[in-house]
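**Q** Pasting in a structure now, in structure tokens, and then I'll have a few things to ask.
Here, each number is a calculation from the coordinates, and none is a lab measurement. Computed from a prediction, not measured in an experiment: that's the story for all the values here. Every residue, glycine as well, gets a Cβ built from its backbone with ideal geometry; the counts of neighbours run over all protein chains shown.
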Amino acid sequence: MIAGVDEAGRGPLAGPVVAAAVILNPDDPIAGLDDSKKLSAKRRAVLEAEIRARALHIGVGLASVEEIDAINILQATFLAMTRAVEALSYEPRHILVDGNRLPKWHYSAEAVVGGDALHPCISAASIIAKETRDRIMIEAALEYPHYGWENNKGYGSAVHMEALKEHGPTLLHRRSFAPVAQLCLL
């Protein structure tokens, strides 16, 4: 029972950071798993459905914009990862985390640089986290249509930056991130 853990949304200027923990069924491998950034949106959606149907356990956790601004993005990422593992219906024997650092937790775990391309359980977590966060930002775009979040998912695209200058930050903007913080000082 090994869980893969990955996050989505460390770099955007808006929205939560989302983490997922996935325990795959070793007797039912899922073909085509890879780092979510290497997959098309259509392929990610297909794989997400397969993962949700066939994984043994899935946990999702997030850290809010307020938490990101209060404790910084790295600590908020660790918080989201911890919440994702705690959301599993089964405590894993070992955890593989994509990246070079681990949250401070009591679980047996190791950090794996590039793990989302090496371990299917981390790839699955990458896909779940990315698809979950994308849905959050697409829904947020309905409330805040000027920022283009349905396309840029909160990253600092030209459309997003122009809207930020024209309309100012929303409740979903990370005020601790430099481009947003600079506008708040004006």
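**Q** Taking the Kirkwood radius as the inverse of the mean 1/r across Cα pairs, report the Rg/Rh of segment 1-111.
**A** 0.96
**Q** Sorted from fewest to most neighbouring beta carbons within 10 Å, what does the list Y90, Y144 look like?
**A** Y90, Y144
**Q** Can you list the residues, at least 5 places off or on another chain, whose amide H is less than 5 Å from the amide H of H57, using H built in the peptide plane?
**A** Under 5 Å from the amide H of H57 lie the amide H atoms of I23, each far enough along the sequence or on another chain.
**Q** Turning to a different aspect of this structure: DSSP beta bridges in the chain, what fraction antiparallel, as a percent rounded to 5?
**A** Bridges in the chain are about 65 percent antiparallel.
**Q** Once fully extended, how much extra length lies between W105 and I138, figured as 0.36 nm per residue of separation less the alpha-carbon to alpha-carbon distance? Numbers along the way, then the final one.
**A** On the way: separation 33, 0.36 × 33 = 11.88 nm, distance 3.22 nm.
That pair, W105 and I138, stretches by 8.7 nm at full extension.
**Q** Then there's this: Where does the charge balance sit around S176 when Lys and Arg score +1, Asp and Glu -1, over other residues with C-beta under 14 Å from its C-beta?
**A** Its environment carries a net charge of 0.
**Q** Can I ask one more? Angle between the Cα long axis of helix 120-143 and the longest principal axis of the chain, 0 to 90 degrees, nearest 10?
**A** Orientation of helix 120-143: about 30 degrees from the principal axis.
**Q** Here are a few candidate values for P(r) over Cα pairs in 10 Å bins from 0, in percent: (i) 10, 37, 32, 16, 4, 0; (ii) 9, 40, 38, 12, 0; (iii) 8, 29, 28, 17, 11, 5, 1, 0. Which one was actually calculated from the structure I just gave you?
**A** From the options (i) 10, 37, 32, 16, 4, 0; (ii) 9, 40, 38, 12, 0; (iii) 8, 29, 28, 17, 11, 5, 1, 0, the structure gives (i).
**Q** As a test of the formula, what do you get for the chain when each DSSP H run with n ≥ 4 contributes -39,500 (n - 2.57) and the sum is divided by the residue count, at 222 nm and rounded to the nearest 500 deg cm²/dmol? Mind showing how you got there, number by number?
**A** Working: 8 runs with 85 residues, N = 186.
That calculation yields -13500 deg cm²/dmol at 222 nm.
**Q** Pick out, in residue order, every one of the trypsin sites (Lys or Arg not before Pro) in segment 91-186 that is DSSP loop and has at most 13 other C-beta atoms within 10 Å; say none if there are none.
**A** Those that pass, being in a loop and sparsely packed, are R93, R101, K104.
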